[in-house]
1. Residues of the range 73-107 with backbone nitrogen within less than 15 Å of a virtual label 7 Å along the Cα-to-Cβ line of E7, please, listed as ranges.
2. Can you order the peptides 43-49, 122-128 by their average number of other Cβ atoms within 10 Å per residue, highest first?
3. Between E50 and D107, 0.36 nm times their residue separation minus their Cα-Cα distance comes to what?
4. Going highest first, how would you order 3-12, 109-118, 27-36 by mean Cβ packing within 10 Å?
5. In percent, how large is the relative contact order of the chain, given Cα pairs closer than 8 Å and 6 or more residues apart?
6. Rounded to the nearest 500 deg cm²/dmol, what is the calculated helix-only ellipticity per residue at 222 nm for the chain, with -39500 (n - 2.57) per DSSP H run of length n ≥ 4?
Amino acid sequence: MSVVYYEGVGRRKVATARVRLYPGEGNIVVNDKPVEEYFSRQADVLHLLEPLKVTNSVGTFNVLVKVQGGGISGQAGAVRHGIARALLAADPNLRPVLRKGGFLTRDARVKERKKPGLKRARKAPQYTKR
């Protein structure tokens, strides 16, 4: 017996999420924990559920996620991107809806490197006149 699932890889900042959608009743498990337990902030949970809400598939898939790297917010963004890609694999007709919501676009913003002579990427040492 072959297990049918749809897979998508999502990335945000340094975080990478491997998402699998199984036909089911809507359970979401992130790194072997329930989603509310892994992402303690409610805003992160709502953020990663957006692709499911927009496509009206909240109760149709069980979501299994392996996420690593980065911080909590970046991981939530990576899971969101992975869910959108997995939904696209499940039903290619959802592309216009997911594209319009901006779920398929990889957010390319990452931390800028520190420059020599500066304290951080852009913060310069305080200027003293005398």
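Each value in this text was obtained by applying a stated rule to the coordinates, not by laboratory testing. These numbers come from a predicted model, not from an experiment. Every residue, glycine as well, gets a Cβ built from its backbone with ideal geometry; the counts of neighbours run over all protein chains shown.
1. 82-83, 85-87, 89-90, by backbone N distance to the label point.
2. Packing order, densest peptide first, comes out as 43-49, 122-128.
3. Working: separation 57, 0.36 × 57 = 20.52 nm, distance 1.55 nm.
Length gained between E50 and D107: 19.0 nm.
4. Result, highest mean first: 3-12, 27-36, 109-118.
5. Computed over the chain, the figure is 32 percent.
6. Working: 4 runs with 43 residues, N = 130.
When only DSSP H runs of four or more count, the value is -10000 deg cm²/dmol.
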